[in-house]
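The values are calculated or read from the model by the stated rules, or taken from the named source; none is laboratory data. In this text the structure is predicted, and so the values were computed from the model without any measurement. Heads up, the Cβs are rebuilt from the backbone with ideal geometry, glycines too, and the neighbour counts pull from every protein chain shown. Please note that ligands, DNA and RNA were not included when accessible areas were found on the heavy atoms of the full protein model with its side chains. Shrake-Rupley method; radii C 1.70, N 1.55, O 1.52, S 1.80 Å.
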Amino acid sequence: MDIDAIVKGRRSIRKYQPQEVSRQILEDILATALWAPSGSNRQDWEVIAVRGEKRDQLVAIVEGAKHHIQPNLEKLFPEKIIQLSMQFFKDLGGAPAVLLVYIPCKESQCETAQDKRGRFRPDVQHFDRLLSAAALIQNLLLTAHAHGLGTCWMVGPKYVEEKINDLFGMTDKELVSIIPIGYPDQTPPAPPRKEGVIRWEGF
Ligand SMILES: Cc1cc2nc3c(=O)[nH]c(=O)nc-3n(C[C@H](O)[C@H](O)[C@H](O)COP(=O)(O)O)c2cc1C
């Protein structure tokens, strides 16, 4: 697949086959994804790959985000989409594995050390880390798609972040997103992309 086909062909997958994804395949995907750029090349992200019992416990926790998310969706989408979305939060579409991406907490929350070189204000450093994690996640989605796997980038589970962090013993990290991963059991149509978002100057 060329890069154009990979980028345009990736979809958010919300229904998965029960077939397991081997650790080897996940290792290959992560090894590629971790070539993402990062602010000052810090690479201070952490990925947790989960399956089995812990995955089941995670799914049960994520279901608790439903009642936070539903009111927001009701403002934006028709009933059918809301029901599908709620079902996805209930079971993560049956995805056999889930990846979680973490970055260090904001300094004000849980870090005492100052940047000795004083190059970044803490919030700027946090901004860098978030953007770097987003680059890693997009690499992950695209590489998984190139391997025939489906994914869905999810921020909704942030509503139940504390419980997720407790499950994985994360005391000093912030959850950026979770990404269910598995072999797709659906081929959703591509949601249209907005036009008119580019301003050309001097062309
Ligand atoms: C930052 C971010 C957060 C997202 N959070 C969720 C989420 O919580 N639940 C969900 O079902 N999809 C989530 N998505 C997926 C988007 O709904 C999806 O990317 C968008 O509708 C476009 O569809 P596509 O990915 O198939 O191109 C998220 C995507 C991004 C980039």
GNM of the chain, Cα pairs under 10 angstrom: of ILE178, ILE25, ILE103, the biggest fluctuation goes to ILE25
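Can you give the FRET efficiency to the nearest 0.05 for TRP200 and LYS8, using r as the Cβ-Cβ distance and R₀ = 22 Å? Please report the intermediate quantities before stating the final value.
Numbers: r = 22 Å, r/R0 = 1.00.
According to the calculation, E is roughly 0.50.
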Could you identify which residue out of LEU58, LEU84, LEU175 has the top mean-square fluctuation in a GNM of the chain using Cα springs shorter than 10 Å?
LEU84
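In region 1-72, which chymotrypsin sites (Phe, Trp or Tyr not before Pro) are in a loop and have at most 12 other Cβ atoms within 10 Å, using DSSP for the loop call? Please list the in-between numbers first.
Numbers: sites: TYR16, TRP35, TRP45; in loops: TRP35, TRP45.
Passing sites in region 1-72 are TRP35.
Given C-alpha coordinates of the chain, what is the ratio Rg to Rh with the Kirkwood estimate of Rh?
Ratio value, two decimals: 0.98.
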List the residues whose amide H sits under 5 Å from the amide H of ALA97, counting only those 5 or more places along or on another chain, with H placed 1.01 Å from N in the peptide plane.
ILE181
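Just to confirm the filter: which trypsin sites (Lys or Arg not before Pro) across region 19-103 are DSSP coil and have at most 12 other Cβ within 10 angstrom of their Cβ? Walk me through the numbers on the way to the answer.
Details: sites: ARG23, ARG42, ARG51, LYS54, ARG55, LYS66, LYS75, LYS80, LYS90; in loops: ARG42, LYS75.
Loop-located and lightly packed - LYS75.
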Count neighbours as other Cβ atoms within 10 Å of each site's Cβ, and list the trypsin sites (Lys or Arg not before Pro) in region 157-203 that are DSSP loop with at most 12 such neighbours.
ARG193, LYS194, ARG199
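Is any helix in the chain, taking whole DSSP H runs, at least 27 angstrom long along its axis by alpha carbon and on average at least -0.5 on the Kyte-Doolittle scale, and which ones?
Sorted by number, the helices that extend far enough and score high enough are 122-146.
At 1.4 Å probe radius, can you tell me the per residue accessible area of the chain in Å²?
Values: 12280 Å² over 203 residues.
With the other protein chains kept in place, the chain gives 60 Å² per residue.
Out of the total accessible area of the chain (probe 1.4 Å, heavy atoms of protein only), what percent is carbon and sulfur?
Numbers: 6730 of 12280 Å².
Accessible surface attributable to carbon and sulfur in the chain totals 55 percent.
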Within straight-line cross-link reach of LYS80, lysines at Cα separation under 20 Å, skipping those fewer than 8 residues along the same chain:
LYS15, LYS66, LYS90
Just to be sure I follow the definition: excluding the sites themselves, where is the longest run in the chain that has none of the GluC sites (Glu not before Pro) in a DSSP loop with at most 11 other Cβ atoms within 10 Å?
1-194
